[in-house]
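Reading through the structure tokens given below for one structure.
The values are calculated or read from the model by the stated rules, or taken from the named source; none is laboratory data. For clarity, every value in this text was computed on a predicted model and none was experimentally measured. Reconstructed Cβ throughout: ideal geometry from the backbone, glycine too, with neighbour counts over all protein chains shown. Note: accessible area is taken over every heavy atom of the protein model, side chains too, but ligands, DNA and RNA are not part of it. Shrake-Rupley method; radii C 1.70, N 1.55, O 1.52, S 1.80 Å.
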Amino acid sequence: MGQLGLGGHFRGLAAQLDGAFGANGVFTHDCLRFVDFVDEVEELLEDVARQEQGDKEAADGFEEYVLQHYSG
């Protein structure tokens with residue numbers, strides 16, 4: 001994110017998502033429910049959209065899309 005010039009928007013992201021993925025990069029369902037993780041990511045995206053475009057609605061639909069396609 002830093003290389004893309006977006007590092008300022010994602011300060012603390014690693015800390016907020018700490019424990020969501022194991023050392024092997026696999027999502028750790030026993031530490032955090034996937035739906036809660038997706039909700040947190042949508043909130044982060046809304047913050048970025050608000051800062052960049054002044055409108056958090058740009059991130060609308062993210063949670064629904066991810067849950068429909070990846071929650072199995």
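Annotations for the structure displayed:
- Where a residue in segment 20-47 is within 20 Å of Ala58 (Cα to Cα) and its partner, wherever it lies, is acidic (Asp, Glu) and crowded, with 16+ Cβ neighbours inside 10 Å, with Cβ under 7 Å and at least six apart: Val38/Glu63; Asp39/Glu63; Glu42/Glu63
- When segment 48-71 is filtered for residues that are farther than 17 Å from Ala20 by Cα, without any contact (Cβ under 8 Å) to a residue 40 or more places away in the chain, open to solvent by less than 70 Å² (accessible area, probe 1.4 Å) and assigned to a helix (DSSP H, G or I), the ones remaining, listed by number, are Ala49, Ala58, Ala59, Phe62.
- Test: residue in segment 14-29 that is surrounded by fewer than 11 Cβ atoms within 10 Å (Cβ to Cβ), modelled with pLDDT under 80 and part of a helix (DSSP H, G or I): yes
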